Amino acid sequence: MIIKKYVVNDMKEAMVRAKYELGTDAIIISQKMVRPGKWYRLFRKRMLEVTVALEENVHEKNTREKEKFNQILLEREKAKAEEKALKEKENARLQRIFGRDEKIRERWENHVRNEALEGEEITLERIRSFIAKTYVDHAYDKELPFGRINVLVGPTGVGKTTTIAKIASRELLEKDQKVGLLTIDTYRIAAVEQLRKYAKILGIKCVTVSQPKDIRKKLNLLKDCDIILVDTIGASPKDEDRIDEIRSYLNELPEERHTYLAISMSSQVDTNNRIMKKYKELSYHSIILTKFDEVENYNNFWNMMENNVLPVQYFCHGQVVPEDIMEASLENVLSYLWRELQYE
């Protein structure tokens, strides 16, 4: 038998303590008033001493039940934490794939309901189906094959020069085209030297233009080329003077040219929208997406779906020439993104 004494202010306090420590099966076997403390302290406070007893097997049973109850509470808390973590992970996944654009998220949720999909698991096949039923006409299903003269425009740092080297290599090595390079990026000497180095490796011509009036003469040096790729000055969409300068060069080129805007997939969506809007002044016909290897989400992929009607011709995913470039078909782009952005 377990016996415990409690010195308390009143019986209510004794019952609470006994119930907590011994359980509801404990019984009171005695109670008396006492003055706890040293005997020589004359003004000691009178308190109630309560003696409580409990059969030992009952105590063991209560202890087991208490432990079982605590275990149930712990398991419930663990389950709640796991459920919360799962929801947070799924929300992070949804945001990574569909971005912060509420319109796209809403369309996806409608697709899940309309197709009566079991659960909301996101698979590559479901994304394909979602696009097929939601975006009937989109940029990844269009193309603008290269003409004879092809110009790359875009901001500084998006990788225009490396992209031109990749395209030149593909056209030369895979399609047996005679390729010539023309650069007007005389602001960055390193870029000109880089292009010349690529041209030397490939065994193709590379000419430099320093004034708009010289373009016709320089083009004549490439008259025997099947394809001419033109590298231009990089310009921020805020730099009106630089964009006007690029325009002055383009105006000297023949009208039967194709102009491609290069933009980085690692840039913010709003930044790319400003670039696309501003560069319309240069009348670009198609888009080349660069730096796919640096993306952390699908935001710019959906932005091309939503805000661009022009063809997306190529996408680049690294610095290796010519391997790290692919035609920007929907299947190629989706497959690449899916491989790169898988979740642990």
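The values are calculated or read from the model by the stated rules, or taken from the named source; none is laboratory data. Since we're looking at a predicted model, the values are computed, not measured. Here Cβ is always computed from backbone atoms with ideal geometry, including for glycine, and neighbour counts include all displayed protein chains. Heavy atoms of the whole protein, side chains included, go into the accessibility calculation; ligands, DNA and RNA do not. Shrake-Rupley method; radii C 1.70, N 1.55, O 1.52, S 1.80 Å.
Scanning the stretch 211-248 for residues that are open to solvent by less than 10 Å² (accessible area, probe 1.4 Å), under 21 Å from Ile288 (Cα atoms) and in a helix (DSSP H, G or I) yields a total of 2. All conditions but one from (1) open to solvent by 50 Å² or more (accessible area, probe 1.4 Å); (2) at pLDDT 75 or above apply to His111; the one that does not is (1). Only one of the numbered conditions (1) on the phi > 0 side of the Ramachandran plot; (2) open to solvent by 90 Å² or more (accessible area, probe 1.4 Å) is not met by Glu82, and that is (1). Summed over the stretch 318-333, the residues that are modelled with pLDDT of 90 or more and touching a Leu at 6+ places or on another chain (Cβ under 9 Å) give a count of 2. Counting only residues that are exposed (fewer than 11 other Cβ atoms within 10 Å of the Cβ), over 60 Å from the mean Cα position of the chain (by Cα) and not in a loop (DSSP other than H, G, I, E, B), the stretch 4-22 holds 1 of them. Scanning the stretch 325-336 for residues being touching a helix residue (DSSP H, G or I) at 6+ places or on another chain (Cβ under 7 Å) and farther than 16 Å from Met305 by Cα gives a total of 3.
Among the numbered conditions (1) farther than 24 Å from Tyr279 by Cβ; (2) among the hydrophobic types (A, V, I, L, M, F, W, C); (3) open to solvent by 40 Å² or more (accessible area, probe 1.4 Å), the only one that Ile204 does not meet is (3). Of all residue pairs spaced 6 or more apart or on separate chains, none has beta-carbon atoms under 6 Å together with a first member in the stretch 263-276 that is at positive phi and at pLDDT 95 or above and a second member that is among the polar types (S, T, N, Q) and surrounded by 15 or more Cβ atoms within 10 Å (Cβ to Cβ).
Summed over the stretch 292-344, residues that are in a helix (DSSP H, G or I), open to solvent by 20 Å² or more (accessible area, probe 1.4 Å) and of a type outside the set (Lys, Arg) total 11. Kindly indicate whether any position in the stretch 163-182 is surrounded by 15 or more Cβ atoms within 10 Å (Cβ to Cβ), touching a helix residue (DSSP H, G or I) at 6+ places or on another chain (Cβ under 7 Å) and modelled with pLDDT under 90. No, the stretch 163-182 contains no residue that is surrounded by 15 or more Cβ atoms within 10 Å (Cβ to Cβ), touching a helix residue (DSSP H, G or I) at 6+ places or on another chain (Cβ under 7 Å) and modelled with pLDDT under 90.
Selection of the stretch 23-69 for residues being at pLDDT 80 or above, of a type in the set (S, T, N, Q) and open to solvent by less than 100 Å² (accessible area, probe 1.4 Å) yields Ser30, Thr51. Within the option set Ile288, Ile233, Ile246, Ile228, being aliphatic (A, V, I, L, M), closer than 22 Å to Asn332 by Cβ and touching a residue at least 40 places away in the same chain (Cβ under 8 Å) holds for one residue only, Ile288.
For the structure I just gave you, tell me whether Asp137 is more than 24 Å from Glu281 (Cβ to Cβ), modelled with pLDDT of 90 or more and assigned to a loop (DSSP other than H, G, I, E, B). So Asp137 does not fit the description; no.
Looking at (1) touching a helix residue (DSSP H, G or I) at 6+ places or on another chain (Cβ under 9 Å); (2) within 18 Å of Glu193 (Cα to Cα), which is the only condition Tyr135 fails? Status for Tyr135: all satisfied but (2).
Looking at the stretch 113-122, can you tell me whether even one residue there is part of a helix (DSSP H, G or I), among the hydrophobic types (A, V, I, L, M, F, W, C) and under 22 Å from the mean Cα position of the chain (by Cα)?
no
Checked against the criteria, Ile127 counts as among the aliphatic types (A, V, I, L, M), under 30 Å from Leu330 (Cα atoms) and modelled with pLDDT of 85 or more. Of Asp231, Asp270, Asp293, Asp241, all but one fail to be out of contact with any helix residue (DSSP H, G or I) (no Cβ under 7 Å at 6 or more places or on another chain) and within 21 Å of Thr163 (Cβ to Cβ); the exception is Asp293. None of Gln177, Gln211 is free of Cβ contacts under 8 Å to residues at least 60 places away in the same chain, under 14 Å from Cys225 (Cα atoms) and polar (S, T, N, Q) except Gln177. Name every residue in the stretch 150-182 that is part of a loop (DSSP other than H, G, I, E, B) and aliphatic (A, V, I, L, M), in order of residue number. Answer for the stretch 150-182, where residues must be part of a loop (DSSP other than H, G, I, E, B) and aliphatic (A, V, I, L, M): just Val158.
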